[in-house]
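Okay, structure first, notes after.
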Amino acid sequence: MLFFAFKDTFAVCSADEFLRTVGPQTVGVIAAGIADNWSQVRYAASVAAREFMDKAGDQKERFYPVLLGAMCLNRHYVAEGVRLYSQETWRIVCGPQGGARLLVAYFDSVIDVYSQAATASNHAVREAACHCITELVTRVAGSPEKPSSYREHFTQSRVQQFLQTLQSAFQDESWPVRDVASTALGNFVRCFPLDCEAYRPQFLELWFDQISDNIPSLRQNGAAALAMGVAVWSSQWWDLVLSRIQQELPQVLMQSEKSETFTDYMPSGPFSVPRSKPMSQSDQSNPAFTDQTMYSCGSAAPKTFKRRSSAAGCMNCVARQPHQLWEVSEGMVHLVAELALSIARGGWMQSQLRLDVLASLLPDVAKAFQCSHFRHHHLLKQRICERLPSMTSALGPERMHPHVPKFLKTLHECAKQDVHLALRECAQEVLAAWRLNTGLADVVAEQLVA
């Protein structure tokens, strides 16, 4: 109730008195409130902050060094009430000119807020900080080829501070934080390649580790981020990445029958925190994940596990979860698709030759697609079905045509089965798209008739 009382106080206070005493005396309290760990407090303080800014009138800039960064960060906070209210406040405060000009005008204080938030005890705050840093590089800085008018504010020291913050977040115990940090680093490599040179070996290994993570979205987003890096450092990374793909794409062939998955790890509400759920009716409960404390609100998240103590596992858990071989193969499929899409968008040297090389990996993709010997084969099949249309578009029907028959039998089986409905729908969509593709329609019709 304190911050709602502040809101009422600001509303009835005269502008002169507010600027002379009330504003300077309360701005620190409001700043602490909108950065509070409890979402309810953060929301109430956000209400007070809007009234504070309204009362400040054309003297808002006096308080920007204290409030601007935290107000901007809350636009990405995971609690919907805080996020939506803060987005509207941001539009009111910044006006039609947008907020980029204000952020760079008070850049050092904003960067400090983001860096501190990235090490907060609340994982939801750390995630929001990474979103904000991503926003800065993608929407404010611009690329070397298309720099924005604000790019000059991204000095080497500031970029290095961002990179150090994101590299630490990339090793966070909370998987949503790792996910956002990974994408942010991919964008930093694209926009500030020279500043990222020193981190190149670490980034490569971190991205490959992410591509085989137990969390499905991490595998796909990690592949997209790594593809950004390869696009920038193709002369240094292309052969290395291709060798790793050739080595790890067939890993599913060695997958044991009793595969495991974290696909059934479901977020409990918008905070993406663990909720106990058995992987199948036949699975035995794992004591490491049974009857453990669950966090229904990001504000109550524990202070521990900002850094990962192991190479795998979800947040709020310390048990090591080994990478599943089928997940490694799935990550490589994502990487092949993302590289093909990146090359097709242009800007690569020897682009046609590189697309030919990626097309030569399709037999291994087909072999992985045909595997049905392990428990979760339908999940891998579904992911491959989801990527086949984009791979077809990027590689072109001429490169796909010789390999389509290797996929069709399994595709037809997936489209006809009625156990895994999501897989069936994806397989039907691939077949429909290939039938409409003039370069592939003939081989599809011929093989299915046969």
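Values quoted throughout were computed directly from the atomic coordinates according to the rules given, and no laboratory measurement underlies them. Computed from a predicted structure; not experimentally measured. Glycine gets a Cβ as well: all are built from the backbone with ideal geometry, and neighbour counts include every protein chain shown.
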- Across the stretch 110-123, the tally of residues that are closer than 19 Å to Gly28 by Cβ and surrounded by fewer than 17 Cβ atoms within 10 Å (Cβ to Cβ) stands at 2
- Residue pairs within 6 Å by beta carbon, gap of at least six or interchain, first lying in the stretch 353-381 and within 21 Å of Pro405 (Cβ to Cβ), second among the polar types (S, T, N, Q), listed first then second, are Ala368/Ser329; Phe369/Thr410; Gln370/Thr410
- Task: Among the residues of the stretch 393-439, write down those that are in contact with a Lys or Arg (Cβ under 9 Å, 6 or more places away or on another chain) and hydroxyl-bearing (Ser, Thr, Tyr).
- Result: Thr410
- If you check Asp239 against the conditions, is it surrounded by 19 or more Cβ atoms within 10 Å (Cβ to Cβ) and of a type in the set (Asp, Glu)? no
- Item | Glu80 being free of Cβ contacts under 8 Å to residues at least 24 places away in the same chain and among the charged types (D, E, K, R) | no
